Each structure stands twice: as structure tokens, then as C-alpha cells.
Amino acid sequence: MAQAPLASSAQLPPSGEAITAVTGALAARFGNRLVTSLAVRQQHGHTLTWIPNQPPDAVVFPQSTQEVSEIVTLCAAHGVPVIAYGTGTSLEGHVNAPFGGVCIDMSQMKRVVAVHAEDLDCVVEAGVTRKELNEHLRDQGLFFPIDPGADASIGGMAATRASGTNAVRYGTMKDNVIALTAVMADGSIVKTANRARKTSAGYDLTRLLVGSEGTLGIITEVTVKLHGIPEAISAGVCPFPSVKAACDATIITIQSGLPVARIELLDDVMIRGVNLHSKLDLPETTMLFVEFHGSEEGVKEQAERFGEIAMEFGGGPFDWATRAEDRTKLWQARHDAYWAARALRPGFESVATDVCVPISRLADCVEETKRDIEEMGLIAPIAGHVGDGNFHTQPLVDLNDADEMARCQAFIDRLVKRALAMEGTCTGEHGVGQKKGKYLEAEHGAPALAVMRLLKRSLDPKNILNPGKIFVD
């Protein structure tokens, strides 16, 4: 299949006249909800990573799907790029505006449109965050399980196909989104499905848009699955003599069919950062953070069985957190791992990256990665949602040290090559963004990548939706 290029970067950024026309029209329509100050624009180019800040030309704050449609229609008429923004917590440069344009900040779209408790689903606007949604649901005995470390927006989580610590039991956003409302590149509004749990009616537009990183449409409403709050929860930490031992214990736990809700790996370097940042006193060795959900008796049996498995690999002793406040402190420390890692080398930049491999190859991949870090002389703590084979590493580097930067990039290239050789993926949950497009052909093959490009050209012929992301040209 021939690969016609996307709209070339030579056609971007748009002319000054186009930007002036668009910002003038938006100011007339939205008043002070259109902002062009440098500080706000730079805030919306923030990436939480080593990629340089690339601010948009303007930021606009819609309050409805219809207003998003108006903004996109105007930008399309002038060929001006549009970048959707949730909370800005993505790690691969998704919200940067390399060609300028208009950032659509969804933070004023906060309605919980409907909760259907009897069907275990709800409809929310894209700007609602996961913590806000769970606060709204708590009194009904329900919760939304997907929990990336940050308090991300539901729309952003859908756009990046987010995951988190609960994924081993409850799945990722791909598994928990039932339907979407999205604004397409011409400003048209599309609803991808109804609330039925399954359908065979036509193409699956929901799955097409989940994980598309704002390059095919701008998500404005999301229908998600809900779950009942468990009767009992048991959580704790278990030390291991090595990352291999911890990974092997994880593999056996999953293969044994234990319904573990969370099983998280933190290596000795990350534990040191967690202790510094979260004021804990955990032993500085590789550890698994584990949690079980279910009935009182079921949770007890699951925890005992996990303890037996851990002992087989030299793990233990357990330190179980039975009080809710202790569990909250434990998991907050895990969610703060990004900031904890940075505490290991204050003042230096973080290069957060992730891969995912089949669970049977997890121990090999993590062990080889750990060895590579040591041989390269990098400080790069490891943490991972190892129950589904996904792990992260976070080199801390001096951006002004050319040698260190070269070693870091070579390390990431080898990490991805290693994961792909094990039939894994270059990213389990961070997404492609600006940095991982170069790995897509090796992962998917040229024909599959050509299909992706064809979809992009068909749905966004002017290449205005988040240009410069996913595809390297």
C-alpha cells in the first residue's frame, strides 16, 4: 500500500493572518474565555518531560460540545491546528503545539451528565477528572477503577488509552469506555455508540478514537463502565531479593488465577525515591505493592496464597495495611512515583518512558533493562503495573550533558527494541506523542502503519488535529 505523506510541516504553522483571524473571532465569541497571554500559553505546552515547551497561539475554554464544534469549525476554515487539553499530565508531549494553533482546554466541561447505577455506567463531560468522578459516585457505592498516577481528566484518559494500578483486574480505558461523543476535524459532532454493552452494528468508532491522542477527533463526552466498591480490601508491601524474583512471583500469581486487583513493582532505586518524597521508611530493596478486592473471606484466602507464592521466590515478610488511611498512604506513594524519582537527582530532568511485554517475558525484560541501566551509568528507577506486563523507567538526566543525553536515548532505543523482540509494544500506556512515532513501523509493520496514515488523512485531510503527534512526518 503506497504511503502518501500527511500534510507536510512546510504547510505549517499557519500564516499570521490566519491566526489573527481565528483569535479575533474567538475573542468576539468567547470573551475572556479566550486567552493569549504567554504564561497561560506556556502552561498549556507543559509536557512533564524533556521535550521543549511548545506553546499554542491561544487557549480557549469551551463549556459544551457545541462550543467545541464552533471552535474546530472556525479553525478548519483557516487551516489552524487544534490541540485538545485535559489536565496536561501526559508524558510524551501530547499537548505541545509544535506548529502553533489553538489549544482547547476542557477544564470547564465538568458535568456528570448521567449515572445509571442499575446498568453500572455513567456519562461525563471530558473535563471531569477521575477523582472528581469517584467523589460523585461514592455515595452510590460505585467507583471508576482506572487510576493513572495523576488526577487526569476522563477525556484525556480516553484519548491516550490510559491505564493504571487497577488495570490487572479492571482493564484499561480501552476496556472501560462504552461510547464517546467527539468533534471531528470539520466541526461535525459524532456519537460513536449507545449504552449497550455489546454491539455488532458497523465499525467500532469508539475503539478507533480511544487512544488516538486527539489526532482523529476531540472527545467531549465519555460513557464509562462502573464497578461496585468492594466489600473488603486488603493491601500491603512485600520485599524481594531482586527484580527477577519479584517479576517471577508476579507471573506465577497471574498464571495461578489469583484475582489480584493491583500488583505493582518498585525497584530498589525507586523505593529510595519514594522514601525521600513520601516520608516512608520502606526497606530499600525491590518491592511489590499488592491489593486484593472481594469478600472478607475471599480477600483473606487470596492474600494467604500470594504470601505462599512470594515465599517461593524469597519474598517477605509482608507488611499488610489493614486500615483505609494506611492503604491510601501506600497507594498515594505509588501514584507519586514520578515526583519521587525526581527527588533522587534534584534539579535534573526526567525522561519517563514505558514498554509492555507478554507476562511470560516480564522477568527477562525487566532484568535485562535493570542491567542495561547499570552498565550505562544512568540513574533510572523502575516502577511498573507488572500484573499486565507494563513497566516504566525514568532516567534522570542533565540536558546540557551531550554524552549523558546520548546514553539516555541509546538506552530508550534498546529498551524498545528489547520489548519488541519479546513481542511487546513500545508503549503500554504513555502513548506515542512526539517521541515514539519512530518505533511504530518496527512494531506494526509498514502496511499497518499505512492504514493508520490513511485513516488520519481521511478523517483529518488538512492535518489540523494535534499535528506532529504519532506520525514522525
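The values are calculated or read from the model by the stated rules, or taken from the named source; none is laboratory data. Note that the coordinates shown come from a computational prediction; the quantities given were computed from them, not determined experimentally. We place every Cβ from the backbone using ideal geometry, glycine too, and count neighbours over all the protein chains shown. Ligands, DNA and RNA are excluded from the accessible area calculation, which covers all protein heavy atoms including side chains. Shrake-Rupley method; radii C 1.70, N 1.55, O 1.52, S 1.80 Å.
Distances between every pair of Cα atoms in the stretch 395-473, grouped in 10 Å steps from 0 to the bin holding the largest one, split as 17, 40, 30, 13, 1 percent. Can you tell me the relative contact order of the chain? Whole percent, Cα pairs under 8 Å, sequence separation 6 or more. Computed value for the chain: 17 percent relative contact order. Say a site is exposed when it is one of the trypsin sites (Lys or Arg not before Pro), sits in a DSSP loop, and has at most 11 other Cβ atoms within 10 Å; what is then the longest site-free stretch of the chain? Result for the longest clean stretch: 1-196. Overall shape: oblate for the stretch 314-431, with the ratio a/c of the largest to smallest alpha carbon gyration tensor axis at 1.5 or above and b/c at least equal to a/b. Sketch the reach of a paramagnetic label on Met376 as a point 7 Å from Cα along Cα-to-Cβ, and name the residues of the stretch 48-79 whose backbone nitrogen lies under 19 Å away. Zone members listed by number: 49-52. The share of Cα pairs per 10 Å bin across the chain, counted from zero up to the longest distance, runs 4, 20, 29, 26, 15, 4, 0 percent. Shown here: the stretch 38-144, whose C-alpha atoms stretch 46, 33, 20 Å along the first, second and third principal axes, sorted largest to smallest. By the equivalent-ellipsoid construction on the alpha carbon gyration tensor, the stretch 245-341 comes out with semi-axes of 23, 16, 11 Å, ordered largest to smallest. For the pair Arg195 and Lys110, label points projected 7 Å from Cα toward Cβ lie 2.4 nm apart. Residues whose amide H falls under 5 Å from that of Leu465, counting only those 5 or more places apart or on a different chain, are Val82, with hydrogens built in the peptide plane. Think of a 1.4 Å ball rolled over the protein heavy atoms: the stretch 19-88 then has 39 Å² of accessible area per residue.
The fraction of accessible area contributed by carbon and sulfur in the stretch 205-306 is 52 percent, rounded to a whole number (1.4 Å probe; ligands and nucleic acids excluded). Label-to-label distance for Trp339 and Ala446 is 4.8 nm, based on points extended 7 Å past Cα in the beta-carbon direction. Using the Cβ-Cβ distance between Lys300 and Asp175 with R0 set to 35 Å, the FRET efficiency from 1/(1 + (r/R0)^6) comes to roughly 0.80. The simple Förster model, with R0 at 25 Å and r as the Cβ-Cβ distance, assigns Leu276 and Met311 a FRET efficiency of 0.25.
Once the Cα atoms are used to define both axes, helix 296-312 deviates from the longest principal axis of the chain by about 70 degrees.
Near Ser153, the amide H atoms lying under 5 Å from its own belong to Thr87; only residues 5 or more places off or on other chains count, and H is placed 1.01 Å from N.
For the stretch 145-288, the Kirkwood estimate of the hydrodynamic radius, built from every pair of different alpha carbons, is 17.7 Å. Note on Thr36/Arg323: beta-carbon distance plugged into 1/(1 + (r/R0)^6) with R0 of 35 Å gives a FRET efficiency of 0.10. Annotation: amide H-H contacts under 5 Å for Gln54 (H modelled 1.01 Å from N, sequence separation of 5 or more, or interchain): Ala97. With the charge dipole of the stretch 142-297 set up from +1 on Lys and Arg Cβ and -1 on Asp and Glu Cβ about the Cα centre, the Cα lying farthest toward the positive end among the listed residues Ile252, Phe289, Ala152 is that of Ala152. Taking the centroid of alpha carbons for each part, the stretch 264-336 and the stretch 63-101 are 40 Å apart.
Any chance you could list P(r) for the stretch 104-153, counting all Cα-Cα pairs in 5 angstrom bins from zero, rounded to whole %? The calculated distribution, bin by bin, is 5, 20, 32, 25, 13, 4, 1. Sort the stretch 152-196 into rounded, prolate or oblate with this rule: let a ≥ b ≥ c be the square roots of the eigenvalues of the Cα gyration tensor; rounded if a/c is under 1.5, and if a/c is not under 1.5, prolate when a/b is larger than b/c, oblate otherwise. The shape class here is oblate.
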